[in-house]
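Enquirer: One structure follows; several queries about it will come next.
The values are calculated or read from the model by the stated rules, or taken from the named source; none is laboratory data. Just so it is clear, the model here is predicted, and its values are computed rather than measured. Reconstructed Cβ throughout: ideal geometry from the backbone, glycine too, with neighbour counts over all protein chains shown. Protein only, heavy atoms only, side chains kept; ligands, DNA and RNA dropped before computing areas. Shrake-Rupley method; radii C 1.70, N 1.55, O 1.52, S 1.80 Å.
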Amino acid sequence: MRISVIGCGYLGAVHAACMAKLGHEVVGIDVDERKIFELSSARAPFYEPGLEELLRDVQETGRLSFTTDMSAAAGSDVHFICVGTPQKKGENGADMTYVDAATMGLLPYLAAGDVVVGKSTVPVGTAARLAKLVQDQEPTAHLVWNPEFLREGHAVSDTLQPDRFVYGVEDGSEDHPAITVLDDVYATPLASGTPRLITDHPTAELVKAAANSFLATKISFINAMAEVCEAAGADVTRLADAIGMDDRIGRKFLNAGIGFGGGCLPKDIRAFMARAGELGADQALTFLREVDAINMRRRTRVVELTRELCEGTLLGKRITVLGAAFKPESDDVRDSPALSIAAQLQLQGAVVTVTDPKALPNAAKRFPELHFEPELHDAISRADALLVLTEWQQYRSLDPYALVSRVNSPRILDGRNVLDPGKWRAAGWTYRGLGRA
Ligand code: UDX
């Protein structure tokens with residue numbers, strides 16, 4: 001099939017490459033010339049494992065191209081809208097500027113029978129509004145809402161082998177004509193057994209908001225338990241292991257630590273609350289305000305614990321922050337709890353050095369006032385305290401015996417509860433975890 005993908009960020013670039021991998025002829029379109037230049041040269045404009053190899057692989061077939069020219073969408077049967085919906089400045093709601101601009105820009109190039117597929121995370125009601133624009137322009141075209149659930153760091157495999165597909169169509173009926181078109185697009189994963197659910201437009205939009213809210217709630221739940229564990233002298237990691245063995249609960253997303261960040265969960269729960277308010281259902285989501293508050297409290301807690309670790313004062317203390325990305329295997333620093341903590345420590349008088357295997361260029365753009373050191377051993381050298389804030393494998397496997405003589409004071413705060421406290425203490429370190437006695 002001929003496919004256009006509008007928006008080539010974390011979602012769109014991966015989607016375009018994966019659709020070409022599935023055998024389709026794909027054009028990726030974005031207004032950002034630098035991104036298009038990089039992608040056209042088979043280089044990923046951000047770090048995502050496997051993406052660059054995939055880009056090289058599919059570009060050799062000639063099935064994948066990139067452009068800034070929206071008219072390249074003409075002639076495609078299916079058009080995916082993959083642009084971002086960031087948080088509005090000074091408000092909780094989602095900024096729909098890019099989704100609206102992408103749709104308006106696409107309208108003149110729609111032809112009879114085309115299918116426009118929304119993948120961006122949007123406030124419920126958006127699909128109905130956009131469907132009207134599409135049908136006013138081309139009465140035989142359809143709009144399907146097909147939310148994306150990919151995780152950064154696993155984006156390629158999540159796109160090629162997702163847990164499920166959700167197709168939201170106007171009437172929610174199983175024999176809507178757009179369904180067979182989307183089935184052809186996803187023929188390979190469907191053939192291997194990926195389930196697909198047909199819903200109406202608002203249900204499909206809400207599936208995404210609900211899924212992200214549930215994940216955020218799960219993380220804040222365990223972080224709330226961490227607060228209680230600290231007060232009671234208990235260990236939240238053992239607690240998570242034990243409750244996670246109940247398969248109604250499950251162990252995934254029960255890692256207590258510095259909380260969730262990134263370009264999705266924080267802004268999506270806020271946009272969901274804002275939209276529920278507009279719909280008169282705000283009471284239903286007031287618990288998400290608490291989820292957000294618990295999450296933000298983790299950052300303050302880490303600053304306080306670091307002060308305790310440094311004998312009551314941060315002034316002049318050399319603090320090394322290991323990890324700047326919001327999670328490992330990503331260079332994304334949007335709403336990164338690690339960087340937010342680093343900045344707080346610096347504001348309170350500490351001398352902060354931040355290191356990360358991939359995210360330093362992005363981190364330096366966002367927080368130019370911080371000191372960044374790409375070499376792990378140089379970053380650690382002469383530190384008064386180490387803080388593991390993003391659980392990259394190289395930090396999980398640090399050798400406490402080898403490091404003890406490189407630092408000023410052997411103190412470590414494990415913001416992700418990924419180190420073995422017994423081993424670090426045996427090597428002479430003062431170890432603090434989160435929610436661990
Ligand atoms: C999330 C959703 O998982 C994905 O389905 C959606 O499409 C986009 O948003 P992503 O932002 O890539 O994906 O990251 P995710 O793996 O969900 O992690 C989010 C944050 O939660 C990270 O900061 C991570 O460190 C944190 N986290 C995750 C925890 O603190 N504890 C956990 O147990 C799991």
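Enquirer: Over the range 2-194, calculate the relative contact order: mean separation of alpha carbon pairs under 8 Å at least 6 apart, over the residue count, as a percent.
Expert: 20 percent
Enquirer: How much net charge surrounds residue 349 when only the other residues with a Cβ under 11 Å from the Cβ of residue 349 are counted, with Lys and Arg +1 and Asp and Glu -1?
Expert: Charge balance in the 11 Å sphere: +2.
Enquirer: Using the Kyte-Doolittle scale, find the helices of the chain whose mean hydropathy is at least 0.0 and whose Cα atoms extend 27 Å or more along the helix's long axis, counting only whole DSSP H runs.
Expert: 201-232
Enquirer: Near residue 315, within a Cβ-to-Cβ distance under 13 Å, what is the net charge of the other residues, with Lys and Arg +1 and Asp and Glu -1?
Expert: Counting the neighbours of residue 315, the net charge comes to +1.
Enquirer: Just round it to a whole percent: the fraction of Cα-Cα distances in the chain exceeding 34 Å.
Expert: Cα-Cα pairs of the chain separated by over 34 Å account for 37 percent.
Enquirer: Another question, then. With a 1.4 Å probe and every protein chain left in place, work out the accessible area per residue of the chain in Å², rounded to a whole number.
Expert: 42 Å²
Enquirer: Among 35/317; 252/423; 132/365, which pairs are too far apart, with a Cα-Cα distance over 32 Å?
Expert: 35/317; 132/365
Enquirer: Still on this model: With the chain treated as a Gaussian network of Cα nodes joined by springs under 10 Å, which of 344, 87, 393 yields the largest mean-square fluctuation?
Expert: Among 344, 87, 393, the largest GNM mean-square fluctuation belongs to 393.
Enquirer: Here's a follow-up. Return the percentage of antiparallel bridges among DSSP beta bridges fully within the range 199-437, rounded to the nearest 5 %.
Expert: The antiparallel fraction comes to roughly 5 percent.
Enquirer: So what is the relative contact order for the chain, in percent, with contacts set as C-alpha pairs under 8 Å and at least six apart?
Expert: 12 percent
Enquirer: Still on this structure, I have one more. Given the Cα-Cα distance of residue 253 and residue 40 and 0.36 nm per residue of separation, how much length would full extension add, in nm?
Expert: 73.1 nm is the gain from fully extending residue 253 to residue 40.
Enquirer: Which residue, 138, 308, 329, has the most motion in a Gaussian network model of the chain that connects Cα atoms within less than 10 Å?
Expert: Comparing 138, 308, 329 in a Gaussian network model of the chain, the most mobile one is 308.
Enquirer: Right, another one. What distance in nm separates the simple spin-label points at residue 31 and residue 194, each placed 7 Å from Cα in the Cβ direction?
Expert: Placing both labels 7 Å along Cα→Cβ, they lie 2.9 nm apart.
Enquirer: So, one more: Rounded to the nearest 10 Å², what accessible area does residue 229 show when all protein chains are kept and the probe is 1.4 Å?
Expert: 10 Å²
Enquirer: Sticking with this structure for a sec: Can you give me the % of accessible surface on the chain that is carbon or sulfur? Probe 1.4 Å, all protein chains present, nothing else counted.
Expert: 53 percent
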